[in-house]
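Everything below concerns the one structure shown next.
The values are calculated or read from the model by the stated rules, or taken from the named source; none is laboratory data. All figures in this text were calculated on a predicted structure; none of them were measured in a lab. Virtual Cβ from ideal backbone geometry, glycine too; neighbours counted across all protein chains shown. Side chains included, ligands, DNA and RNA excluded: accessible areas come from the protein's heavy atoms. Shrake-Rupley method; radii C 1.70, N 1.55, O 1.52, S 1.80 Å.
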Amino acid sequence: MRLCAWYLYGEKHRGYALNPVANFHLQNGSVLWRINWMGDTSPRGIGASCGMMVNYRYFLEETASNSALYLGSKQVQASEQVLALVSQFQQNSKL
């Protein structure tokens, strides 16, 4: 879960999210909302993402500002749950 949070939040390509699905949602103003352990247990889900599923949440009144923030300064908006996982990853990682 911590590694998944870091991958979605912290791994970048030219400053933007490395994951194309994350990049799409973040460009459109979403918040990286929740990571679900074993959210997709189909064979494809297990193979593609170890069964993890991510929720992106759109707060309509904030989508324009979130999108501008991401596109302009490459800042990812994320929930407390995701930020806590990122913090745990950073504390325990040797990367």
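Restricting the range 52-75 to residues that are assigned to a helix (DSSP H, G or I) and charged (D, E, K, R), the residue that is nearest to the chain's Cα centre (by Cα) is GLU62.
Does GLY29 satisfy the condition of being free of Cβ contacts under 8 Å to residues at least 24 places away in the same chain and either surrounded by 14 or more Cβ atoms within 10 Å (Cβ to Cβ) or part of a helix (DSSP H, G or I) (or both)?
Numbers: free of Cβ contacts under 8 Å to residues at least 24 places away in the same chain: no; either surrounded by 14 or more Cβ atoms within 10 Å (Cβ to Cβ) or part of a helix (DSSP H, G or I) (or both): yes.
Here the answer is no, as GLY29 does not meet what is asked.
Just need a number here: residues in the range 51-65 that are open to solvent by 90 Å² or more (accessible area, probe 1.4 Å) and either in contact (Cβ under 8 Å) with a residue 24 or more places away in the chain or farther than 20 Å from SER30 by Cβ (or both).
The initial filter retains those residues of the range 51-65 that are open to solvent by 90 Å² or more (accessible area, probe 1.4 Å), namely 57, 60-61.
This time we only want the ones that are either in contact (Cβ under 8 Å) with a residue 24 or more places away in the chain or farther than 20 Å from SER30 by Cβ (or both), so: 57.
Of the residues in the range 51-65, 1 are open to solvent by 90 Å² or more (accessible area, probe 1.4 Å) and either in contact (Cβ under 8 Å) with a residue 24 or more places away in the chain or farther than 20 Å from SER30 by Cβ (or both).
The numbered conditions (1) open to solvent by less than 60 Å² (accessible area, probe 1.4 Å); (2) outside any helix (DSSP H, G or I); (3) farther than 15 Å from ASN36 by Cβ are all true for VAL86 except (2). Checking GLY45, GLY10 one by one, the residue that is out of contact with any Lys or Arg (no Cβ under 6 Å at 6 or more places or on another chain), surrounded by 13 or more Cβ atoms within 10 Å (Cβ to Cβ) and under 19 Å from GLN88 (Cα atoms) is GLY10 and no other. All conditions but one from (1) among the small types (Gly, Ala, Ser); (2) at positive phi; (3) under 12 Å from the mean Cα position of the chain (by Cα) apply to ALA78; the one that does not is (2).
Among the residues of the range 13-26, those identified as part of a helix (DSSP H, G or I) and either open to solvent by less than 70 Å² (accessible area, probe 1.4 Å) or not aromatic (Phe, Trp, Tyr) (or both) are PRO20, VAL21, ALA22, ASN23, HIS25, LEU26. Under 6 Å between Cβ atoms, which residue pairs at least 6 apart in sequence (or on different chains) link something in the range 12-26 that is under 17 Å from TYR58 (Cα atoms) with a partner that is open to solvent by 30 Å² or more (accessible area, probe 1.4 Å) and not in a helix (DSSP H, G or I)? Qualifying pairs under 6 Å: ASN23/TYR16; HIS25/TYR56. Tallying residues that are open to solvent by 30 Å² or more (accessible area, probe 1.4 Å) and of a type in the set (Gly, Ala, Ser) within the range 66-83 yields 3.
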